[in-house]
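The values are calculated or read from the model by the stated rules, or taken from the named source; none is laboratory data. Because the structure is predicted, anything quoted here is derived from the model rather than measured. Every residue, glycine as well, gets a Cβ built from its backbone with ideal geometry; the counts of neighbours run over all protein chains shown.
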Amino acid sequence: MPQPKLIAQAEASGARLPPLLVAATRVASTVAQGVHGRRRVGVGDTFWQYRPFVEGDAQTRIDWRRSARSDRLYVRDMEWEAAQTVCLWRDASPSMAWRSGKTLPEKRERAELLALALAALLFRAGEQVRAIGLPRTFSGRGGLASLAAALPLSSEGLPEPRRVPAHSQAVLFGDFLAPLSEIRACLEAFGALPVRLHLVQVLDPAEMSLPYEGRVRFIGLEQEGEALIPRVSGVRAEYASALDAQLTGLRSLCAAAGFSLSLHRTDHSPETALLALFMALDAGARRR
Amino acid sequence: MMFATPALLLALLLLPLLWWLLRATPPAPRLQRFPAMRLLAALRPREETPARTPWWLLALRLAAAALIIVGLAGPTLGGGGGKLPGRGPLLLLIDTGFAAGPDWPARLAAANSLLDQAERQSREVALLTTGAAILPLRAAAPQPAALLRPRVAALAPLPWGTDRRAAAAAITLLPVGPTAYIADGVAGPDDAAFAKAVQARGPVTELRGTLPARILSVTASPAGLTAHVAATPERAPRTEQIIGETGDGHALASAPVLLGAGATQAEARMSLPSELRNQLASLRLAKAPGAGSVFLLDEAARRRPVGVLIASGAETPLLGADFYVERALSPYAEIRHGDVATLLARPLSILVAPDRTLSGEDGDRVDAWVRQGGYLVRFAGPDMGAETQDLLPEKLLEGDRQLGGALSWSQPQHLAPFPSGPFAGLAVSDEVTVSRQVLAEPGVAQSGFEKAGQTWAKLRDGTPLVTAASHGAGEIVLFHVTANADWSNLPLSGLFVDMLRRIVQRAAGVAVADDGRPLPPAQSLDGFGVLGPPPPGAMALTATDLAGAVPGPTHPPGLYGLAQDRHAFNIGDHMKLSPAAAIPGATLQELNGASVIVPLGPALLALALLLLGADLLLTLRLRGLLRPAIAALLLAGFIPVAHAQSQGQSQSGPDASHESPALATHLAYVVTGDATVDSVSKSGLSGLSDYVNDHTAAVLASPAPVVPGHDDLSFYPLLYWPITAAAAAAPAFTSALNDYMRHGGIVLIDTRGGGADGAFAPGTDAALKRASAGLDVPTLSPLTNAHVLARAFYLLSEFPGRYEGATVWVQQDQDRSNDSVSPVIIGANDWAAAWATDEDGRPLFATIPGGPRQRLLAYRFGVNLVMYALTGNYKGDQVHVPAILQRLGQ
């Protein structure tokens, strides 16, 4: 039986689903106009190319009209429109539920928005979407609401690559501020599977620039303890270098594993991030 | 500025230390939740100089600390002049005579501030009061000021004068030093010696009050009480208030007295009906609590009411029975004439019945009155003895006795000395003779009386002249001679006056004492003018001594004598007031200016508290916690304010519907240009509108002033037009009114003159003719109670306004096109004045001839008018129904 707290959380997040869905579809529709087809040969309806007939092709595939125009035999290739599966994960740990100012969304909200907007785009393109760790596959028009309801409300740490079908793509949304060793372990787990992984790091601008002054006691959100900084302005440079080290480490890990990484600040617009992500997904799909 | 504990100011030296401490302590950190904790935690080991508190916050805290230190050191502002002059102990010389009573608190405050000064300069103080005392005056020996404070606090003014000679003697016994003299400004006989003694001591400071010394004395006359105020001259005129009080302190009357600039005397007259006058126990000056401002009243100031029964021929001068009685009683009693019923209607001391029989209903009434405690004085006469003998102290023998005269051997008799009784002590004059008298059966009680009457006066041969018997709670006194000079010349003598006066006093319950008996003091005034038990040392006085004594410690002012016979002994009768000159060479000071000490400590501490509060708010802000704190404060503080505001919202705003008169129904009145008439119309119509709103289902708004020809009349169902003597017709005016009447309006024309040919408003009849020159007035007939207007709401048969009796005219024929409603109603009863009320709903004008019913009928007529205007001939239709029903029944 699900715990009452989770039910309450589920109801709370369900209550915000419609606005989230609306926002997601809006963002998706802003981006969707620039998407092209799969650009590869495969099963589909759209004409792709005429290629010469070689021994081994099925004879039923010969396009007689084109062949009649010339001496050779041609086979008509259609563009590949087979649905591919994309697995999504978004970080729902407590450290994501934070924002530095009232005008910014929480990091988790922005991650969810990006995830659902991506899912909306994928549904529109006919793909299938799964959530990492859940068996169900969502597709089609009602799939967005079901996916939004199925996303787990809280999670700990980094995902494990369970129930990720082979030859699919996976997108992870989170802030990835965990120790680099943990992230490396996770990426290695994903790298063992034939899965293309994309990471989207959502950070708050205050986390990147530490705009506080004076004597501040910082309190962690995941019971990590407290730190009393006597003068924040003196620490700022050092913090920036520490954060830079973390980001560089992450980038090198992804580059070594061949995964793509993009950084998104919550004060930037989600549409640009989504477009970049979609292009990365497309590139990942094509590179097979 | 002076400090009570200057040693505390040393703590100010600690302020730099506080500054250093506050500066070294870092401020409380701001709390911030942050997800990238791991990265921050890794940065911790590095040491940093902490952030500092901003300098202005430091300054605020230091200022608060400094204010607290200074405030706790007890600063005071003011506190009297500087150093005391001279060397040696200070003599505090206080006048404690009766003139110091009114501003005694200021004097005490000045004495206390002088003691403060002496204490601060550690001088010893000697204390001397100048009020007269039985024992010789002695100053308290010089001692530290703190020891004298309880004695000074216990000082009180004395209700008699000052004894400056004894004070001068006491001063010479003291060592040399400065003197502070709190003077009352009243001169005494030994002022020169006193001044010399004070000057010989050292530098003198004289403090004088700002109020003049006053004495109140009262003389009684038949017309009323006259109060005389004697005062020391002042530069500015003053108005004092004299209040007459009863024995238990209730004020019955007051009269203002104006003391002009530089005047020393003023008078005021207080006239009261005798019942109230006899209740007065004292007269006092308001707001001047002192023995000199109180004048106690005794029997001499009272006038008892005496009723004299009138009889035919009684007023004939020199021959009538009434004449001598009245002359004898009038100086000290109030005489009323009338018959039994009128006289007994008001409380009466004595009922005098000169030569009249009291029988029948009159007799019963008088009998009942006497039983309840009344006093009846009767005189004998030729008719007495023949009639019934009720209401006589003794059974009378038939006939009378003649003494002297042509047919008698005896001579007219003289009076014997009075036996003990009410007349005891009166000197018998040899001139009084009695030539004829009625005789009584000695020792035989009258029928219905418990015991025989007493003889109060008798002739030389022992026959009674005046007998009296108690009857119930009262007494009946009979003079066995007539009240005029027929039977004796007693009424012609002064003895008659005294005898009647004794009877009046006896009737008032006042037992007259022998003149030679000493009167002990019963109650005495204290220095503040309050009656209380006499002080020890007060001695008894005889009545003659009272007249000549001067109030002093052995004879305090107050009431002397036994309960029945109180004599008042007042300061005002026996002391004079003259202003005293200042002691030569003294520094003069005002009493009030010297003594105000303002403690600043609490103010400084409050300011420090405010600063600390501001510091709290600022710190919260710096820590980022200000918003929730302010939210909580606002919630706690502003909810009651908002609640009170919403409740206090005014219910009724100004009536703005005059802007658009179609929004509500208004009665209208024609603006005549005469401000009085217009205001009466307005208040009358608004009074009528309120009455209509209260009593009917119609809802009328406030009346609207209109100028026909200028304003649109079509909104108003009824137009009230009061005619003034200056009314004139104008074409636009007349055509507007015609238009209005033609389209169904009703004009009520009021000439306001009343029924008697318009006598109350002259000239309005002619003005009406002028003003209605072009009006289409139809044929008129008088309004009867058969008309619909008399039945529109109430059934009326008369239509009064402020006046009554004038005919009201309405249209004669029924005009079906106007719904049988009369477009014009003309009357002269001034209805607006009858309807007029002020804001509290009270009527403004009295109705003539008056009576509550007239105003009610005026309002009812107004309601009928309004209903007639609003509903037309609706009641005219219904009126037939009862008649039909009646006919069916027959």
Query raised in the report: Given the conditions (1) surrounded by fewer than 17 Cβ atoms within 10 Å (Cβ to Cβ); (2) part of a helix (DSSP H, G or I), which single one is not true for A:Leu277?
Result: (1)
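For (1) within 15 Å of A:Cys254 (Cβ to Cβ); (2) over 17 Å from the mean Cα position of the chain (by Cα), each residue gets a yes or a no:
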| position | (1), (2) |
| --- | --- |
| A:Leu118 | no, no |
| A:Leu134 | no, no |
| A:Ser146 | no, yes |
| A:Leu197 | yes, no |
| A:Asp204 | no, yes |
Requested in this report: Kindly indicate whether any position in the stretch A:99-116 is under 29 Å from B:Phe34 (Cβ atoms), crowded, with 16+ Cβ neighbours inside 10 Å and in contact with a Gly (Cβ under 6 Å, 6 or more places away or on another chain).
Outcome: no
Query raised in the report: Considering the stretch A:230-239 alone, what residues qualify as being modelled with pLDDT of 85 or more and facing chain B (nearest Cβ under 7 Å)?
Result: A:Val235, A:Glu238, A:Tyr239
Query raised in the report: Which ones in the stretch A:253-273 are under 20 Å from A:Ala192 (Cα atoms) and surrounded by 13 or more Cβ atoms within 10 Å (Cβ to Cβ)?
Result: A:Leu253, A:Cys254, A:Ala257, A:Phe259, A:Ser260, A:Leu261
Requested in this report: Residue by residue through the stretch A:182-214, note down the ones that are at the interface with another protein chain (Cβ under 8 Å from one of its Cβ atoms), buried (at least 19 other Cβ atoms within 10 Å of the Cβ) and touching a strand residue (DSSP E or B) at 6+ places or on another chain (Cβ under 7 Å).
Outcome: A:Gly214
Report summary line: If we keep only residues of the stretch A:243-288 that are among the charged types (D, E, K, R) and under 30 Å from A:Glu79 (Cα atoms), then the residue modelled with the lowest pLDDT is A:Arg288
Query raised in the report: Any idea which of B:Asp813, B:Asp776 is free of Cβ contacts under 8 Å to residues at least 40 places away in the same chain, assigned to a loop (DSSP other than H, G, I, E, B) and in contact with a helix residue (DSSP H, G or I) (Cβ under 7 Å, 6 or more places away or on another chain)?
Result: B:Asp776
**Report entry** Enumeration of residues in the stretch A:248-264 that are within 14 Å of another protein chain (Cβ to nearest Cβ) and over 18 Å from the mean Cα position of the chain (by Cα)
**Finding:** A:Thr248, A:Gly249
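Okay, residues lined up against (1) over 33 Å from the mean Cα position of the chain (by Cα); (2) modelled with pLDDT under 85:
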position: B:Thr837; (1), (2): no, no
position: B:Pro843; (1), (2): no, no
position: B:Phe861; (1), (2): yes, no
position: B:Tyr868; (1), (2): yes, no
position: B:Tyr874; (1), (2): yes, yes
position: B:Val879; (1), (2): yes, yes
Query raised in the report: Of the residues B:Ala236, B:Ala268, B:Ala169, B:Ala192, which is part of a strand (DSSP E or B) and aliphatic (A, V, I, L, M)?
Result: B:Ala268
Query raised in the report: Can you tell me which of B:Pro102, B:Pro85, B:Pro136, B:Pro159 is in contact (Cβ under 8 Å) with a residue 12 or more places away in the chain and farther than 30 Å from B:His574 by Cβ?
Result: B:Pro85
Report task. Working carefully through the options B:Ala66, B:Ala4, find the one that is under 18 Å from B:Leu600 (Cα atoms), modelled with pLDDT under 80 and under 56 Å from the mean Cα position of the chain (by Cα). Result -> B:Ala4
Report summary line: Cβ pairs under 7 Å, 6+ apart or interchain, first in the stretch B:691-710 and among the β-branched types (Val, Ile, Thr), second modelled with pLDDT under 90, ordered by first then second residue, are B:Thr696/B:Phe793
**Report entry** Set B:Ala766, B:Ala790, B:Ala786: member being part of a loop (DSSP other than H, G, I, E, B), over 16 Å from B:Asp830 (Cα atoms) and among the aliphatic types (A, V, I, L, M)
**Finding:** B:Ala786
Query raised in the report: Applying the selection to the stretch A:49-63, what residues are outside any loop (DSSP other than H, G, I, E, B) and either loosely packed, with under 10 Cβ neighbours inside 10 Å or of a type in the set (A, V, I, L, M) (or both)?
Result: A:Glu55, A:Gln59, A:Thr60, A:Ile62
Requested in this report: Examine the stretch B:728-748 for a residue that is under 19 Å from B:Ile848 (Cβ atoms) and without any contact (Cβ under 8 Å) to a residue 40 or more places away in the chain, and state whether such a residue exists.
Outcome: no
Query - Hits in the stretch B:384-397 - residues which are more than 53 Å from the chain's Cα centre (by Cα) and modelled with pLDDT of 70 or more - result: B:Leu396, B:Leu397
Query raised in the report: All but one of (1) exposed (fewer than 14 other Cβ atoms within 10 Å of the Cβ); (2) farther than 22 Å from A:Thr103 by Cβ hold for A:Ser233; which doesn't?
Result: (1)
Query raised in the report: assigned to a strand (DSSP E or B), within 38 Å of the chain's Cα centre (by Cα) and either modelled with pLDDT of 85 or more or surrounded by 11 or more Cβ atoms within 10 Å (Cβ to Cβ) (or both) - does that describe any residue in the stretch A:66-75?
Result: yes
Query raised in the report: Of all residues in the stretch A:161-180, how many are away from every other protein chain (no Cβ under 14 Å) and at pLDDT 85 or above?
Result: 5
Requested in this report: Any residue in the stretch B:335-355 that's of a type in the set (Ser, Thr, Tyr): show its pairings with residues that are part of a helix (DSSP H, G or I) at Cβ separation under 6 Å, as long as the two are six or more apart or on different chains.
Outcome: B:Ser349/B:Ala507
Query raised in the report: Does B:Val497 count as at pLDDT 85 or above, buried (at least 17 other Cβ atoms within 10 Å of the Cβ), within 38 Å of the chain's Cα centre (by Cα) and among the β-branched types (Val, Ile, Thr)?
Result: yes
Report task. Mind listing just one residue for me: the one in the stretch A:216-229 that is surrounded by fewer than 17 Cβ atoms within 10 Å (Cβ to Cβ) and in contact (Cβ under 8 Å) with a residue 60 or more places away in the chain and, of those, nearest to the other protein chains (Cβ to nearest Cβ)? Result -> A:Leu221
